[in-house]
Structure formats: C-alpha cells, structure tokens
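Visitor: This is the structure, below, for whatever I ask next.
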Amino acid sequence: MKLTKKEINQISEFYNLGDIKNIKTVSGGWVNHNFSFITSKGSFIIRVLGKKLNKWKKDQLNFEFKILKHLENNNFPYKIPLPLQNIKGKNVLKIKDKAIWAYKKINGKIIENTTNLQLKEMAIALATYHKHIKNFKLTSKVERDTIKGLKTRFVSMGKIKPKNKLDRLMLENLELIQNLLKKVEDKKFAQHMLPIHYDFHNKNVLYSKNKLTGILDFENVRIAPRIRDIAYLIKTTVSYGKNKFSKRMNFIIDEYEKVTPLTIKEKKDIIFILARDACIMFDFFYPKKEKTFKIVPEGDYLCFKWTIDVAKEINSVFNNITQN
C-alpha cells in the first residue's frame, strides 16, 4: 500500500505533525500497513488499518485505546503506542476508505533470536503488564474464543479429499488435534480474567541492548485468563527437542512469578490452555469452504505447520505426565 501526497498532507495536518522530512514503509505488518513519518516535530508511526472499520473493529479499537490509556494513567514502566488526537479531538482519521491512527515512534530494537536473558525480560514485562492491567474494569468476563463446535468441525475435516499440501498436512495430524481436544473439552479456564495482550512475542517488543523498553501492537487485546498470554509467549518462543519445550515453559513461568505469583491451578492449567489454543489455531489456520487453495500461500502453510509442531510438543508433555 502507498499513501498519496494528498493523503500524507492530510495526515500531517490533522495530527499536527509538522513539516514532513521523510516517509518510509515499515515492514512486518500482518494485517495493517505502517509508515514511519519523520517530521520537524519528531518521528511518528502512522497505521492504516488493513480491515474495514465496521462496528466490531470500532469497538475493538476503542477497547485497545482504553487499555493503553489505563496503562499510561497507572505509570506503566514500558513505552507503549499511545494514540495521538487529531485536530478534531479524535484518535482515528478517515480518508475515503482508509482508517488511520498515529502514535509517537518508540525507540528500540526488535531482536529476532532472543537469548535467555532477553526471554527473561519478556516474561518479566508480561507479568508487569498483567499486574498493571488487573484493576481494569471489565464489562464482561466471557472469552471471545471457545472450542464450541470444534469436535463437529474436525469430523467434517476428516472427510475432506486432499487437493493440496495443506489438506494432506491437516489429514496427517487431525487425530493428534482431536486427541488434544478430548483432554480439554471439559476444562474451564476462568481464573484471573483480564485484558490479555495476546500477541506478546519477540517482534512486538523493543530492546535497548538487553533491556526491554517498549511493547507494541495491542490490537488483539481480549478478555481471557492471564495464563493464555503466558501460553502464547511459550509457543512463540518454542524450543523443539527432547524436554526442551518443558524447560522453556518452566523457565518462562519461573521468571513470570518473580513479578507476580500464579496459583497452583494456573500453573497446572498452562499445558491444557496450550492444548486448547492448538485446537483453536488448527481450525483458524485451515481454510473454510469459501477459501480453498489450488496453490497454497507459503505463509498460510507455515502458520498451520507451526501450530502442528507446537501441538506435537504439547502432546509429548502430556505423554511424559502420564508416564510419570
């Protein structure tokens, strides 16, 4: 996506950014389009939403902004993308079919391959986020994502005749996912519900040397048990091989608890919520009837394969628990 000169001038005027000196596209966005504006007043990130601004998206965006404001008001020690107000007193600017918001650029570096020291920083930052957001007033304590209907969906998937490598990968691993679903279908995870980040991984945190200084991309915030955030961090920093997954999981839990303790039940439930999320993601990344592929996009295939690889590690942990 590109911004026209007219759109650039409108954005600069509405957010009072000053004279434009340089504009660059920021790579890495999965859904949204981000641009770096360097102006006479500093450096800013302009986000153009990749999804239509319907009622659901408006509500989600307002929720995201409330979370960010709450963190700011509660002296959150990490830098966060606080939305700027435009000259009309609004956070979001609409230019034709584009919905745009802006924030002051946060200095720091993204580190692709994290060391244990940097991973420790991530676990501590996540626990600190949970500590600062736990008093946020919830209007609902119901999770958006559930496993309702997955059993039926998986039965239907088992009847599919393979047309491509994604179909074959699904069929080869469907039994594994169905077995994980059996382990979690009757479990409840309603303890310590709060607005989780749900996208807390190494590409959404910024470092100054080995010190984590900023947290980005709160657009997936949702009401859920806090251990779902911990589970997400575990699976996005997954370490494969004999006992490596368990060691990584225990390392993250131990570092998290140096900031805020988990209950015994929460610690036991982390492997189960990992299993539940594997089932949800297996369904999410496999295309529905209206989206079938003759040639499978590599990104879709890799996301689906990652979900399966993590599911295999989760299953290994369950096997070890049974044997012990």
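Where a number appears in this text, it was derived from the coordinates with a stated rule and is not lab data. Every value quoted in this text rests on a predicted model; they were computed, and no experiment measured them. In this analysis, Cβ positions are derived from the backbone assuming ideal geometry, glycine residues included, and neighbour counts consider all displayed protein chains.
Visitor: In deg cm²/dmol and to the nearest 500, what is the mean residue ellipticity at 222 nm of the chain if only DSSP H runs of at least 4 residues count, each as -39500 (n - 2.57), divided by the residue total? Intermediate results must be reported in sequence, preceding the final value.
Guide: Numbers: 9 runs with 146 residues, N = 324.
Computed mean residue ellipticity for the chain: -15000 deg cm²/dmol.
Visitor: Once both labels are modelled 7 Å past Cα along the beta-carbon direction, what's the Ser246-Phe136 spacing in nm?
Guide: So the label points at Ser246 and Phe136 sit 3.5 nm apart.
Visitor: Could you line up Cys303, Cys279 from fewest to most neighbouring Cβ atoms inside 10 Å?
Guide: Cys303, Cys279
Visitor: Another question, if that's okay. Angle between the Cα long axis of helix 165-184 and the longest principal axis of the chain, 0 to 90 degrees, nearest 10?
Guide: 70
Visitor: Please work out the C-alpha center-to-center distance from the range 199-265 to the range 91-170 and express it in whole Å.
Guide: Centre-to-centre distance over Cα atoms comes out at 12 Å.
Visitor: Which lysines does Lys55 reach when only Cα atoms under 19 Å apart count, and residues fewer than 8 places away in its own chain are ignored?
Guide: Straight-line reach from Lys55, under 19 Å: Lys66, Lys90, Lys94, Lys96, Lys98.
Visitor: By how many degrees, 0 to 90 and rounded to 10, does the Cα axis of helix 5-14 deviate from the longest principal axis of the chain?
Guide: Tilt relative to the chain: about 80 degrees.
Visitor: Continuing with the same structure: Setting aside same-chain residues fewer than 8 positions from Lys182, which lysines have a Cα under 18 Å from its Cα?
Guide: Lys148, Lys151, Lys268, Lys312
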